[in-house]
1. Are there any pairs with C-beta distances below 6 angstrom linking a residue in the range 85-101 that is within 26 Å of Leu65 (Cα to Cα) and touching a residue at least 40 places away in the same chain (Cβ under 8 Å) to a residue that is among the basic types (Lys, Arg) and surrounded by 14 or more Cβ atoms within 10 Å (Cβ to Cβ), with the two at least 6 apart or on different chains, and if so which?
2. Could you list, in sequence order, all residues of the range 70-95 that are over 16 Å from the mean Cα position of the chain (by Cα), surrounded by 13 or more Cβ atoms within 10 Å (Cβ to Cβ) and of a type in the set (A, V, I, L, M, F, W, C)?
3. When both residues are 6+ apart or on different chains and their Cβ atoms are under 6 Å apart, which pairs have a first residue that lies in the range 5-27 and is surrounded by 17 or more Cβ atoms within 10 Å (Cβ to Cβ), and a second that is of a type in the set (Val, Ile, Thr)?
4. Which residue out of Ala84, Ala58 is aliphatic (A, V, I, L, M), at pLDDT 90 or above and in contact with a Ser or Thr (Cβ under 9 Å, 6 or more places away or on another chain)?
5. How many residues, within the range 28-52, are over 23 Å from Gly82 (Cα atoms), among the hydrophobic types (A, V, I, L, M, F, W, C) and loosely packed, with under 15 Cβ neighbours inside 10 Å?
6. Inside the range 1-69, counting only helices (runs of 4 or more DSSP H) that do not spill past its ends, which hold 1 or more residues that are over 13 Å from Leu100 (Cβ atoms) and touching a Phe, Trp or Tyr at 6+ places or on another chain (Cβ under 7 Å)?
Amino acid sequence: MLAAAGIGALEALGFLALAAAVLGASGLFFAACGLGLGWSARGLTRRESWSRGPLLVAQLLLLALAWSYHRPYPLVAALVAGIAVVALVLLVLPATTRALT
């Protein structure tokens with residue numbers, strides 16, 4: 001469970017770094033995504049049951065993003081998809097489910 005929270009925290013930092021690089025409304029969107037993922041990762045470390053849902057949705061969105069980039073940037077797509085799959089597996093492990101119920 002802590003590994004999944006760590007992945008979520010790293011994804012949150014990635015979104016916040018992207019928000020710092022992009023100005024305007026897009027930057028605000030990425031900042032909000034980063035803060036939301038960070039809050040969910042924090043909730044997962046505190047064993048709060050609500051925190052798994054937003055992280056699961058984020059991983060599914062990252063899988064869709066990886067699919068959309070699989071032709072122009074296959075290495076980036078493979079890396080993003082790999083991280084998302086690992087996080088999904090960690091989030092649905094029986095041990096994680098038991099810890100959050």
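The values are calculated or read from the model by the stated rules, or taken from the named source; none is laboratory data. Since the model is a prediction, treat every value here as computed from it, not as a measurement. All Cβ positions, glycine included, derive from the backbone under ideal geometry; neighbour counts span all protein chains shown.
1. Close Cβ pairs satisfying both conditions: Leu91/Arg52.
2. Correct list: Leu93 only.
3. Ala5/Thr45
4. The match here is Ala58.
5. Qualifying residue count, the range 28-52: 4.
6. Per the criteria, 2-21, 25-45.
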